[in-house]
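For reference, the structure is listed below as structure tokens.
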Amino acid sequence: MKRLLLVLLLLLSGCSAQAATEDGPLLVAAASDLGPAFTELGQVFEQETGRAVTFTFGSSGQLSQQIVNGAPFEVFASASATFVDDVVKAGQADAATVADYALGRIVVWSRGDTGPQASLADLVQPRFRRIAVANPEHAPYGVAAVEALQGAGVYDRVQSRLVYGENVSDTLRLASSGNADVAIVALSLATVEDGGRFTEVPAAAHRPLRQSLVVTAEQGRAQAAEDFAELVVSEPGRAVLARYGFAPPEG
Amino acid sequence: MTVAVDAVLRAGEFVVRADFSLTAEQGPIVALFGPSGSGKSLTLALIAGLLRPDSGTVHLGGRLVADAATGLHVRTQDRRVGMVFQEALLLPHRTALDNVALAVRAGSRAEQQERAREELALVGAEQLAEQHPRTLSGGERQRVALARALAGDPQLLLLDEPLSALDQPTRIALRVLLRERVTVPTLLVTHDLDEVAALADSVVEYEPGRTLGVRAAR
Amino acid sequence: MDWFPLLLSLRVASLATLMAAVLGIGGAYLLAKGRFPGRGLLEAVASLPIVLPPTVLGYYLLVVLGARSPVGRAWESVFGGPLVFSVTGAVVAATVSALPFCLRTARAAIEQVDPRVEAAARTLGLPEWRVALQVTLPLARRGVIAGVALGFARALGDFGATVMVAGNIPGRTQTMPIAVYDAVQAGDDARAGTLALILAVVAVAVLLLVNRFSRAGV
């Protein structure tokens, strides 16, 4: 029995998080709206440096919480500046590496390619029984969606029909699978999604989605992480982002 | 061998008051005789330590083994009593030999098995050694149970209606076995007068709520 | 085909089930047999992982074991890496999720064991730990094994607690359920379907194996 416990303990300790090996893939935590764009940037990075990038996409709030709790991500690309601040304040990142890299936009997306496209004001119509938005508790795109609805004066009338997605990608999934009638999602995701149409929501309808990133890597890996961050904010990086509908951070 | 039980046990709704002491001169087998529900089995349980008295004391071989007032309770394991129940209660996942061997307290595994074989032979069950309880008849199981109870060299043997679940011919055969085989002080609980006549050296009569004292059977 | 999530899931679920089985069977025995202060509390705590939604469970585990907690910091100083967001974290999450299944099923099985067989074993002089290991648990083995099998299935399929405590780090902590979720998120329905099918087949195969094993009467 004692031997069994000893073996177990050994097995377990061997499982503990290994410090990332020198040339293992770079671990990047990125907001869900960056899925397609960053995947492309990841390939560019690998071609240029020979180092692969592993992405974990999720809502910015959830990712920041994980990092604060010790998750070993090395770059954190958030959809808002507040969550980056949280990470810096928790001592998990170097404030000097904080950089804005894009401005995000939202759209109203609906499935199918027939019938009139929906705009924000249209959502009061009863045919939109379920309206998907990202959870505003921890997803910046959800916050922007709510702000836009409030600004259009329709929030009170649609609030009971809102369904929350875990993150903005999940939100799009709700509408594309037919579980929700319509979704307010990131422009960057809508541009690459087949089988639907969307109307852009004017940027003035919500507070700016200032997308910001920060390097969270440990000492030995800081260089690779900084290189990736560099790529994102550089000209080539901006060009890629622009193709997915992101505006440059200055506006 | 003296056994003194001066205790009250509230079992469910009724009170068992067992107040007697027996000594060796009376011959080894003492029958506790009375109608069902008069508390005979509960008395054995108290003596064996399977139940604790709500008040009073239990003495075994002159030694205090249970005292409700102080909370003293010597564990069953430490009382060196052998017990045979109405159902054999053998371990179904072990062979008859293993069941008996478990009772042997000292010696190497080989020595325990050897002793177990001897005990099985003494109850006429040596050919059943490798069988599992579920393949044995009721009478055969009780033989193994008896061997098991004796293999531990008990200072006192407690038999709780060991034959009442068996058919008449088996009962008679086992009565003979008990008469031959039992030499340690024994308390036999029964409501069968024939059994008392065949086996008991003395009798304690039970009525619900009290016992009626010891009298010699013959 | 990336086999990492499957291999990781099997490894995590096996370790977690082993720990949940040990803790669960031990806890089940204590709860079934013991009367001790705090017993009610132990019962309630042991049932928590079933009652709480997995993500809430994961949250509390994160609070107790995370980088900011005393436990987490101690772990990090000894082993060099954080306890959470690692395979160890995944094992802990899966263990906690599986524990109530092992414990409750084992407890029900242990409570079904005829106490008279245990009592008979005590009269043989077997100490309590041997009664537990050689009498009670073997007699309860069907239920115990069923509980362990359920625990394994639960550990294999956990998502909410695991993703909170271990995170979704491809190639490191991405178990099968998380990989399925990840694929759905990315819109890769083909991959999601394949992974889900493999996971279901593996889970069913293990359960069938265990059923066959326990019916053969080990």
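The values are calculated or read from the model by the stated rules, or taken from the named source; none is laboratory data. Keep in mind that this is a model prediction, so the values were computed, not measured. So basically every Cβ, Gly included, is an ideal-geometry build from the backbone, and we count neighbours across all protein chains shown.
Restricting the range C:73-109 to residues that are within 14 Å of C:Arg172 (Cβ to Cβ) and not hydrophobic (A, V, I, L, M, F, W, C), which is modelled with the lowest pLDDT?
By that ranking, first place goes to C:Gly81.
Here is a yes/no grid of residues against (1) within 23 Å of B:Ala200 (Cα to Cα); (2) in a loop (DSSP other than H, G, I, E, B):
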| site | (1), (2) |
| --- | --- |
| B:Ala31 | yes, no |
| B:Leu42 | yes, no |
| B:Ile47 | yes, no |
| B:Leu50 | no, yes |
| B:Gln86 | yes, yes |
| B:Leu91 | no, yes |
| B:Val104 | no, yes |
| B:Glu114 | no, no |
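Looking for something more than 14 Å from every other protein chain (Cβ to nearest Cβ), closer than 30 Å to A:Gln47 by Cα and in a strand (DSSP E or B) - is there at least one such residue anywhere in the range A:193-208? Give the derivation first.
Taking the range A:193-208 first, the residues more than 14 Å from every other protein chain (Cβ to nearest Cβ) are A:197-208.
From what's left, closer than 30 Å to A:Gln47 by Cα: none.
Checked the range A:193-208: no residue is more than 14 Å from every other protein chain (Cβ to nearest Cβ), closer than 30 Å to A:Gln47 by Cα and in a strand (DSSP E or B).
Specify the residue that is surrounded by the fewest Cβ atoms within 10 Å (Cβ to Cβ); the eligible residues are those in the range C:96-131 that are away from chain B (no Cβ under 13 Å) and among the aliphatic types (A, V, I, L, M).
Taking the range C:96-131 first, the residues away from chain B (no Cβ under 13 Å) are C:96-112.
Next cut, among the aliphatic types (A, V, I, L, M) only: C:96, C:98-99, C:103, C:106, C:108-110.
Numbers: C:Val96: 25, C:Ala98: 31, C:Leu99: 27, C:Leu103: 29, C:Ala106: 29, C:Ala108: 16, C:Ala109: 23, C:Ile110: 22.
For the range C:96-131, the residue satisfying everything is C:Ala108.
Does A:Ala180 count as without any contact (Cβ under 8 Å) to a residue 60 or more places away in the chain, out of contact with any Pro (no Cβ under 8 Å at 6 or more places or on another chain), assigned to a loop (DSSP other than H, G, I, E, B) and within 16 Å of C:Gly187 (Cβ to Cβ)?
Spelling it out, A:Ala180 is indeed without any contact (Cβ under 8 Å) to a residue 60 or more places away in the chain, out of contact with any Pro (no Cβ under 8 Å at 6 or more places or on another chain), assigned to a loop (DSSP other than H, G, I, E, B) and within 16 Å of C:Gly187 (Cβ to Cβ).
Determine, yes or no, whether A:Phe55 is closer than 22 Å to A:Val240 by Cα, within 12 Å of chain C (Cβ to nearest Cβ) and in contact (Cβ under 8 Å) with a residue 12 or more places away in the chain. Steps first, please.
On the way: closer than 22 Å to A:Val240 by Cα: yes; within 12 Å of chain C (Cβ to nearest Cβ): yes; in contact (Cβ under 8 Å) with a residue 12 or more places away in the chain: yes.
So A:Phe55 fits the description; yes.
A:Asp86: among the acidic types (Asp, Glu) and more than 30 Å from A:Gly178 (Cβ to Cβ), yes or no? Step through it out loud before you land on a result.
Numbers: among the acidic types (Asp, Glu): yes; more than 30 Å from A:Gly178 (Cβ to Cβ): yes.
Here the answer is yes, as A:Asp86 does meet what is asked.
Which one is farthest from the other protein chains (Cβ to nearest Cβ), of the residues in the range B:62-84 that are within 20 Å of the chain's Cα centre (by Cα), assigned to a loop (DSSP other than H, G, I, E, B) and surrounded by 15 or more Cβ atoms within 10 Å (Cβ to Cβ)? It would help to see each step written out before you state the result.
The initial filter retains those residues of the range B:62-84 that are within 20 Å of the chain's Cα centre (by Cα), namely B:62-66, B:73-84.
With assigned to a loop (DSSP other than H, G, I, E, B) added as a condition, the list becomes B:62, B:74-75, B:79-80.
Now restrict to residues that are surrounded by 15 or more Cβ atoms within 10 Å (Cβ to Cβ): B:74, B:79-80.
On the way: B:Val74: 12, B:Arg79: 8, B:Arg80: 7 Å.
Among residues in the range B:62-84 that are within 20 Å of the chain's Cα centre (by Cα), assigned to a loop (DSSP other than H, G, I, E, B) and surrounded by 15 or more Cβ atoms within 10 Å (Cβ to Cβ), the one farthest from the other protein chains (Cβ to nearest Cβ) is B:Val74.
Yes/no matrix, rows are residues, columns are (1) surrounded by 18 or more Cβ atoms within 10 Å (Cβ to Cβ); (2) part of a strand (DSSP E or B); (3) within 14 Å of chain C (Cβ to nearest Cβ):
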position	(1), (2), (3)
A:Gln66	yes, no, yes
A:Ala79	yes, no, no
A:Val84	yes, no, no
A:Ala102	yes, yes, no
A:Val108	yes, yes, no
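Within the range A:179-220, which residues are modelled with pLDDT under 90 and assigned by TED's automatic domain parsing to the domain that holds A:Glu40?
Matches in the range A:179-220: A:Ala217, A:Glu218, A:Gln219, A:Gly220.
Of the residues C:Arg73, C:Arg68, which single one is at the interface with another protein chain (Cβ under 8 Å from one of its Cβ atoms), surrounded by fewer than 18 Cβ atoms within 10 Å (Cβ to Cβ), free of Cβ contacts under 8 Å to residues at least 24 places away in the same chain and not small (Gly, Ala, Ser)?
Matching residue, one of C:Arg73, C:Arg68: C:Arg68.
Just the residues that are under 12 Å from the mean Cα position of the chain (by Cα) and of a type in the set (A, V, I, L, M), please, taken from the range B:164-188. If you could, list the steps in order and put the result at the bottom.
Initial filter on the range B:164-188 (under 12 Å from the mean Cα position of the chain (by Cα)): B:178, B:182, B:184-188.
The answer is B:Leu178, B:Val182, B:Val184, B:Leu187, B:Leu188.
Just to verify a result, which residue in the range C:76-92, among those that are surrounded by fewer than 21 Cβ atoms within 10 Å (Cβ to Cβ) and more than 7 Å from every other protein chain (Cβ to nearest Cβ), is nearest to C:Leu6 (Cα to Cα)?
Within the range C:76-92, the subset surrounded by fewer than 21 Cβ atoms within 10 Å (Cβ to Cβ) is C:76-81.
Next, only the ones that are more than 7 Å from every other protein chain (Cβ to nearest Cβ) stay: C:76-78.
Working: C:Glu76: 27, C:Ser77: 31, C:Val78: 29 Å.
Checked the range C:76-92; the qualifying residue nearest to C:Leu6 (Cα to Cα) is C:Glu76.
Kindly indicate the residue of the range C:155-176 that is surrounded by fewer than 23 Cβ atoms within 10 Å (Cβ to Cβ) and more than 8 Å from chain A (Cβ to nearest Cβ) and also nearest to C:Val63 (Cα to Cα) among those meeting that condition.
C:Gly160
Taking C:Leu126 and the conditions (1) in a loop (DSSP other than H, G, I, E, B); (2) farther than 24 Å from A:Val168 by Cβ; (3) in contact with an Asp or Glu (Cβ under 8 Å, 6 or more places away or on another chain), which numbered condition does it fall short on, given that it satisfies the others?
Unmet for C:Leu126, out of (1) in a loop (DSSP other than H, G, I, E, B); (2) farther than 24 Å from A:Val168 by Cβ; (3) in contact with an Asp or Glu (Cβ under 8 Å, 6 or more places away or on another chain): (3).
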